[in-house]
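Structure record follows, encoded as structure tokens.
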Amino acid sequence: MSAADIPADGEAAVPAARTRVTNTQWISWIALAMMTTSSVASLRAAPTMAVYGLACVFLYLLPALVFLLPTSLVSAELASGWTGGIYKWVSEGISKPMGFLAVWCQFAMTIFYYPSLLGFVASTLAYVINPQLASSGVWTACVIIVVYWSGVWVSSRGTKGVAGLASGGLIIGTLIPGVVLVTLGVVFLGQGNVSAAPMTAENLLPAWAGLSSLVLIVNNFLSYSGMEMNAVHVSSLKNPAKEYPKAMFLAMGLVLAIFILPALAISWIVPAEQLSLTAGVMQAFDAVFANFGWQWLTPIVGIMLVTASLGGMLTWLAGPSKGLLLISRQEGYLPPFLQKLNKNGVQQNILVVQGIVTTVIGLAYALLPNVSSAYWIFSVITTQVYLIMYLLMFVAAVRLRQKHPDHPRGFRAPMLLGLCGVGFAASLAALLVGFVPPSQFASGNPGIYVLIVGGGALGLGLLVPFLFYRFRKPAWKQEGTVAP
């Protein structure tokens with residue numbers, strides 16, 4: 001998942017079941033495929049899968065089939081039938097408390113997502129200044145804290161027009177660097193250089209060494225998440241039943257190409273044992289540019305990647321918290337302090353509290369043994385918190401089909417029960433496997449790893465919302481109040 005994957009408010013309003021849409025509002029299925037690709041595709045996860053070499057193809061295809069496809073089709077049915085986003089879907093399908101849990105997880109995952117995103121930014125920026133800084137936890141922590149609080153300051157001022165930064169991110173920070181990396185990687189091999197990772201049929205599947213050998217696949221679930229955001233556009237298609245599946249299959253092909261080809265290119269150039277999970281993209285660019293005597297281009301590519309990531313961060317920083325704020329004002333889920341708006345109509349108190357937690361998390365980069373370990377741990381916690389929301393979404397979809405079979409829907413997912421069953425099982429398996437330390441970190445203490453991951457995912461994803469719900473008071477509800 002790129003920075004733009006995160007829903008802007010998690011609760012985008014959608015026309016229910018084919019309300020009138022003027023001709024000027026129709027979008028083509030190709031346009032929807034492009035929108036989906038831009039919100040999902042990113043180079044940031046490429047180093048994570050490059051350590052598997054040719055097997056990364058399998059490790060990207062599997063979650064695409066068992067998670068991306070079910071999520072896309074199921075969320076499209078929900079979005080075309082019910083307004084209000086994930087909170088409305090889960091609260092009507094299961095219960096309001098579960099709806100709060102779903103929208104909370106959609107917000108809470110960003111608390112760990114931004115440190116991992118900015119960890120990538122710090123390592124990339126290091127190649128612009130001094131590549132040795134890429135392995136410095138202190139440098140990474142400083143960048144996370146400074147950049148995040150700068151983003152909070154910008155967002156709290158209600159700055160307009162920042163959204164345009166992320167729209168160009170697909171071209172500036174993904175497509176151009178990705179095409180350059182893959183092209184030069186092919187030329188690198190064409191010059192007779194030996195691939196760092198073997199590219200033979202025996203390497204199509206990852207080597208099996210117990211569960212730990214497959215744990216890195218969990219990160220791919222996060223890469224594919226956010227499809228519930230794109231589903232809100234299903235009602236803008238002229239013929240959703242035919243066009244939406246076509247859009248999703250085209251988007252899947254494009255997303256897989258953007259994920260797989262750069263990961264392969266990195267595996268050709270950088271040996272797995274030398275690969276940094278945060279700086280791997282820049283390691284590959286630096287190595288391939290050195291081969292052609294073009295290392296002066298490395299800082300330029302670094303700036304392109306950083307600019308795209310920061311643009312996405314600024315665009316989506318305040319988004320998920322806005323959805324949580326609106327629901328909390330209606331139902332009284334958060335204390336009044338967290339519901340206050342500043343003079344610019346921004347939920348500044350939520351952003352500040354989120355920033356304090358993010359600062360503490362960022363400091364962990366300076367304390368954990370290495371930057372890659374910290375990056376992986378925060379990525380796993382992010383994925384697990386988000387997967388709680390998806391588990392609830394799949395259950396809600398089945399319940400809504402059973403409870404309201406005749407409710408008008410602009411799109412009906414084929415074999416809904418099977419799709420939800422596959423998606424739920426895959427999400428649950430990914431959540432549980434995330435507690436197993438990956439083989440790359442086998443030297444660490446597995447007990448500490450489980451404690452950190454479990455404490456982060458279950459504490460933030462389940463315990464905190466339970467406490468808010470358990471101790472809520474009638475005075476917290478501010479019915480009739482709408483955020484500007």
- Counting only the heavy atoms of the protein chains, how much of Ser38 is accessible to a 1.4 Å probe, in Å² to the nearest 10? 50
- Residue-wise, which Karplus ³J(HN,Hα) couplings in Hz belong to the range 114-120, taking 6.51 cos²θ - 1.76 cosθ + 1.60, θ = phi - 60°, and x for glycine or proline? 5, x, 6, 4, 6, x, 5
- Message: With every protein chain left in place and a probe of 1.4 Å, what is the accessible surface of Phe471, to the nearest 10 Å²?
- Response: 120
- Length gained, Ile448-Lys96, 0.36 nm per residue minus C-alpha separation, equals 123.2 nm
- Heavy-atom accessible area ranking, 1.4 Å probe, most first, across Val146, Val128, Val234: Val146, Val128, Val234
- Query: Taking the simple approach of a point 7 Å from Cα along Cα-to-Cβ for both Ser135 and Ser150, what is their distance in nm?
  - Reply: 2.6
- Task: Report the calculated FRET efficiency for Leu65 and Lys343 (r = Cβ-Cβ distance, R0 = 41 Å), to the nearest 0.05.
- Result: 0.25
- Query: Measuring from centroid to centroid over Cα atoms, what is the spacing of the range 394-456 and the range 224-296 in Å?
  - Reply: 22
- Report ³J(HN,Hα) in whole Hz for each residue of the range 249-264, in order, from the Karplus equation J = 6.51 cos²θ - 1.76 cosθ + 1.60 where θ = phi - 60°; Gly and Pro get x. 5, 5, 4, 4, x, 5, 4, 4, 5, 5, 6, 6, 4, x, 4, 5
- What length, rounded to one decimal in nm, is gained on full extension from Lys246 through to Trp26, with 0.36 nm per residue of separation minus their alpha-carbon distance? 77.6 nm
- Please give the peptides 246-254, 397-405 ranked by average Cβ packing (other Cβ atoms within 10 Å per residue), highest first, as a rough proxy for protection. 246-254, 397-405
- Heavy-atom accessible area per residue of the range 20-104, all protein chains kept, 1.4 Å probe, expressed in Å², is 30
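The values are calculated or read from the model by the stated rules, or taken from the named source; none is laboratory data. These numbers were taken from a predicted model, which means no experiment stands behind them. Note that we place each Cβ from the backbone using ideal geometry, even for glycine, and neighbour counts take in every protein chain shown. Heavy atoms of the whole protein, side chains included, go into the accessibility calculation; ligands, DNA and RNA do not. Shrake-Rupley method; radii C 1.70, N 1.55, O 1.52, S 1.80 Å.
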